[in-house]
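As structure tokens, the structure follows; a few thoughts come after it.
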């Protein structure tokens, strides 16, 4: 066999192998391009998700700050209410003491407990004690006394606190 025929057959064989390899390589390139498109779509989706997450985090921070402001305001109101309840309890205790003292001065039927019940001064004192028991006179040192509008200072403070909470 001539040498040229052997060279031609070996070149033809190498061309067939090259074509087969090119076909396999082409299939892999097609798969890579298809995967590239999927990967680009995935990267785009990931980017959008990241932006939404950043916006949500910013919104969450704003909401958390707003909630913290409401919590701080609520704690302040809670402290004010606790103070007012304490003052109301003290005022009720003082009122109870005044009523108890008035009942000691006035008998159980509304007459003075002393033997001087018949004297006009004793009757006047008993009437004043009964009036004090029903509506004690406001003292100058008591901050829970009524003002011109009929509300005690504690009531006015509570109303101010509630209005500021709005």
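What does the C-alpha gyration tensor say about the overall shape of the stretch 40-83? Classify as rounded when a/c is under 1.5, otherwise prolate if a/b is larger than b/c, or oblate.
Judged from the Cα gyration tensor, the stretch 40-83 comes out prolate (a/c at least 1.5, a/b above b/c).
Can you put 46, 83 in order, fewest other beta carbons within 10 Å first?
46, 83
Subtracting the Cα-Cα distance from 0.36 nm times the residue separation, let me have the gained length for residue 153 to residue 31 in nm, one decimal.
Going from the current span to full extension adds 35.7 nm.
Which order results if 3, 158, 39 are arranged by neighbouring Cβ count within 10 Å, fewest first?
3, 39, 158
Readers should treat all values here as calculations from the given coordinates under stated rules, not as data from a laboratory. Worth saying up front: this structure is predicted, and the values here are computed from it rather than measured. As a convention, Cβ positions derive from the backbone with ideal geometry for all residues, glycine included, and neighbour counts pool all protein chains shown.
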